[in-house]
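Read the structure below first, then the notes.
We did not get these values from a lab; they are worked out from the coordinates using the rules stated. Please read all numbers here as calculations on a predicted model, not as lab measurements. All Cβ positions, even for glycine, are placed from backbone atoms using ideal geometry, and neighbour counts span all protein chains on display.
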Amino acid sequence: MNPPLNPIQAVTHPDPYGYYARLVAERPVHRDETLGLWIAAGAEAVASVLGSEACRVRPPREPVPKALVGSPAGEIFRHLVRMNDGAGHCPFKRAVAAALASIDPRNAGGEAACWAVHLAKEAQPSGDLAHFAFALPAYVVGKLLGVADDRLGEVAVWTAAFVRCLSSASSAAEIAAGKLAAGRLIDLFRSSLATAPAGHALLASLAREAGRVGCDDTDVIVANGIGFLFQAYEATAGLIGNTLVLLAKQPERRAGAPDGLDAIVAEVARWDPPVQNTRRFLAHDAVVAGQAMKEGEAILVVLAAANRDPAANPAPERFDPYRAERRSFTFGLGVHACPGEKLANRIATAGVAALLARGLAPRSLAAAPRYRPSPNTRIPVFAE
Ligand code: HEM
């Protein structure tokens, strides 16, 4: 098998990890002129980029993708903490993190288990796993946000359409559908906030936490509530899928499940992560990770390679659910670090447990599946 030609191809390559190990050892930070990107792959380089004040989450001249400007999808995008730095990020990030931290783990675990069992009944043992893996995070996060049970299916469909329109490879029809779906999500969450402002749901709790940091802008609160759905959607589906791939490769691990399943999921997140890279853009000339970079240049931050840096994780190629002091870059680092890691792991664990309980035999799945085309997420396709 030929190794990937670059870190974008690596995302969906059957086995990119030897290639990543070579990048870490030989070129932990370098310029790829063909891609027109800086590549940060070593743990130190990745940490340095994600900690740099000069590096922004969006190109400073294009805060919102051109195709979305002026649409409901653009309005959501423009307000997300994920897509802002400086005043648009903090202090609202504190509200986002506090709202997610306030979720009762038993409630989240209960909802995840309940919807996993419900959706697993619809998925045949080796059938439509993709539908299951994508629907589950949307149902659980939707339910936690306060969406009524009978509207969760719609919310999952709208989330899928919204996420699709954010891709740089989306077609005109996908962009149009995404804008429509974004409008529906905004309407639903606006009315839910208006009718139950003091409730216990995650959206109401986000509004309360927003108030504590001095924000009462409904547009910002609603956008970041929808942001939870969007952030959870593909990445958690990938975590479910990559855990199934691990169990297909190493079926003996199933002996430890379900008790040890959460430890397996946490190590899958490091070892074969659903989010393989993220990007940063230079706001001004600066020396970052030891390299002189110029305003406007972009950096591909290869989180999946940093996970395999022996300086961060000794014997990084070894799959060890009980690894001491695991350093995982999968959920980011620094000011934009993911506040949804615990919830994501909980949903993925409940999802895999429900499939196993329903009789799914991981051995029957492809240990080397194809992956959905993507420049950053690694999500296996088990069946069409
Ligand atoms: C396996 C699942 C997930 C993975 C791998 C993941 C990964 C990430 C990564 C890498 C970032 C930082 C991006 C960057 O710095 O460029 C991020 C940010 C974020 N994630 Fe997650 N995430 C997952 C699930 C979730 C869930 C379930 C939620 C909430 C329900 C969530 C909410 C967020 C938010 C709000 C941010 C933006 C934080 C900020 O910009 O300050 N994520 N996530």
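Things to note:
- Full-stretch length increase - ASP187, SER168 - with 0.36 nm per residue and alpha-carbon distance subtracted: 4.3 nm
- Approximate spin-label separation ALA357-ARG94, in nm, with each point projected 7 Å along Cα-to-Cβ: 4.0
- Size of the stretch 25-78: Rg and Dmax of its alpha carbons, in Å, are 15.1, 45.
- In this simple spin-label model, placing a label point 7 Å from the Cα along the Cα-to-Cβ direction at both CYS215 and VAL381 gives a separation of 3.7 nm.
- Distance between the pseudo-spin-label points of VAL287 and GLU53 (7 Å out from Cα toward the beta carbon): 1.6 nm.
- Rounded FRET efficiency, nearest 0.05, which uses the C-beta distance separating LYS342 from GLU252 and R0 of 30 Å: 0.65
- Length added when fully stretched, HIS200-ALA367, from 0.36 nm per residue minus Cα-Cα: 55.9 nm
- Amide N proximity, the stretch 161-187 versus ALA298 label position 7 Å along Cα-to-Cβ, cut-off under 11 Å: 168-169
- Protection-proxy order for peptides 135-145, 71-81, 317-327, 179-189, each taking the mean of Cβ atoms within 10 Å per residue, highest first: 135-145, 71-81, 179-189, 317-327
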